[in-house]
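No value in this document is a laboratory result; all are computed from the given coordinates. The model shown is predicted, which means the values in this text are computed figures rather than measured ones. In this analysis, Cβ positions are derived from the backbone assuming ideal geometry, glycine residues included, and neighbour counts consider all displayed protein chains.
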């Protein structure tokens, strides 16, 4: 680590004693090793701590709307107080909102039964189209829970849209 060298100097005068000069030499090899260990640690931890996110693919803007099978559409509305409303098909005047929960026996079962219904109608469960329209009062956690269930059940087509004024009226308890 550190070394001390002593040099004996010869004195010409026998009566006068000179002070011996000592030289210090510091070995910095362990400090360099420590520096490389710290650099390696920080590089490793920053590469391990990359955020994981689910990718969302946005469709290209076009004037031609894509045709959807009305019986293949399911619209879900995450709302306040951890409530999940849904309706099947397109919104009509006499549409009644149904409610379900976010757990595996609620929303997941709904998605799986809707996939089976679409498979029996169209012959392909991939044609299920899910529209997610979060209410203004819904939380981010509820939205992430919906996306998690979509990922678990393997729904391929889902759209994220703003809630419409008609749907807000259906959610209004005074209505």
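Rounded if a/c is under 1.5, else prolate if a/b beats b/c, else oblate: with a ≥ b ≥ c from the C-alpha gyration tensor eigenvalues square-rooted, which is the stretch 70-171? Because a/c hits 1.5 or more and a/b fails to exceed b/c, the stretch 70-171 counts as oblate.
Would you please give the FRET efficiency between residue 140 and residue 120, computed as 1/(1 + (r/R0)^6) with r the Cβ-Cβ distance and R0 = 30 Å, to the nearest 0.05?
0.30
Here r is the Cβ-Cβ distance between residue 160 and residue 41 and R0 is 35 Å; the resulting FRET efficiency, rounded to 0.05, is 0.30.
Modelled this way, with points 7 Å down the Cα-to-C-beta line, the labels at residue 80 and residue 20 are 8.8 nm from one another. Under the simplified labelling scheme, the residue 152-residue 168 pair shows an inter-label distance of 3.2 nm, with each label point 7 Å from Cα along Cα→Cβ.
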